[in-house]
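Let me begin by presenting the structure, written as structure tokens, before commenting on it.
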Amino acid sequence: MSTCISFVKKTFAYVSAAVLLVMLPLVSCEVGLGASVDTEAPTVSASYPPANAIIRGTFVLSGACHDDKALSSVTVTLTNTDTDTTYAPQTISVASNASSWTASINKYTEGSGYNGWQLPDGKYSASVYSTDASGRSSGPTSLAFEIDNTAPVFIMSSPAVTDISNPTAYGSSFKINGTIADDHTVKSMT
């Protein structure tokens, strides 16, 4: 009888092992709620304006974003790197295709802010991260740019007549001497 019990135990072990080997490839790693569980963090990138751009007026920050399930928001935080001032983060809505985001920055309001602009001139860093519907956040990405809303300064030192002996019907030709200055390149003077 002990031989019979031993045979049954061995047979049971072999059959169990065979069933396990057949069933193992059919079992997935998804447990519980399966594919509905959000296991991936979202991604985000910032692509506009170009790195180290000099910007005037209101402008748009933009980039790409992605999540395997549902992306809920993108958050932008601006820091003036000249003064080390950080401005309150802005939560930005994601486009309907959930693959891009845009943020309008530095609105103009007559008589308020810095020359009417919300942000003073200076060098800035934008830190951007995204959050999905499960509360997971991407790592931050950043973008550097500079704001310059101050017009160049022209100081006229002297109008000097160059050809007073030959006046025309419109007057005399004269030359203006002066200095023009700006924090950046002055493209033209009219």
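The values are calculated or read from the model by the stated rules, or taken from the named source; none is laboratory data. This is a predicted model, so every value here is computed, not measured. Reconstructed Cβ throughout: ideal geometry from the backbone, glycine too, with neighbour counts over all protein chains shown. The protein model used for the area step is the full one, side chains on, heavy atoms only, and it has no ligands, DNA or RNA in it. Shrake-Rupley method; radii C 1.70, N 1.55, O 1.52, S 1.80 Å.
Based on this model, can you work out whether Asp121 counts as modelled with pLDDT of 85 or more and in contact with a Gly (Cβ under 8 Å, 6 or more places away or on another chain)? Against the criterion (modelled with pLDDT of 85 or more and in contact with a Gly (Cβ under 8 Å, 6 or more places away or on another chain)), Asp121 does not qualify.
I'd like the residue in the stretch 53-85 that is out of contact with any Phe, Trp or Tyr (no Cβ under 8 Å at 6 or more places or on another chain) and not in a strand (DSSP E or B) and, out of all such residues, is surrounded by the fewest Cβ atoms within 10 Å (Cβ to Cβ). Per the criteria, the residue is Asp84. Scanning the stretch 118-130 for residues that are open to solvent by 30 Å² or more (accessible area, probe 1.4 Å), assigned to a strand (DSSP E or B) and over 27 Å from Val94 (Cβ atoms) gives a single hit, Lys123. Listed conditions (1) within 20 Å of Ser137 (Cα to Cα); (2) open to solvent by 60 Å² or more (accessible area, probe 1.4 Å); (3) not in a strand (DSSP E or B) are all met by Thr102, apart from (3). Exactly one residue among Gly122, Gly111 is touching a residue at least 40 places away in the same chain (Cβ under 8 Å) and of a type outside the set (Val, Ile, Thr), and that residue is Gly122. Which one is farthest from the chain's Cα centre (by Cα), of the residues in the stretch 105-117 that are surrounded by 15 or more Cβ atoms within 10 Å (Cβ to Cβ) and more than 19 Å from Pro140 (Cα to Cα)? Looking at the filtered set, the residue picked out is Gly113. Hey, among the residues in the stretch 131-190 that are at pLDDT below 75 and among the aromatic types (Phe, Trp, Tyr), which one's least open to solvent (accessible area, probe 1.4 Å)? Of everything passing the filter in the stretch 131-190, Phe174 is least open to solvent (accessible area, probe 1.4 Å).
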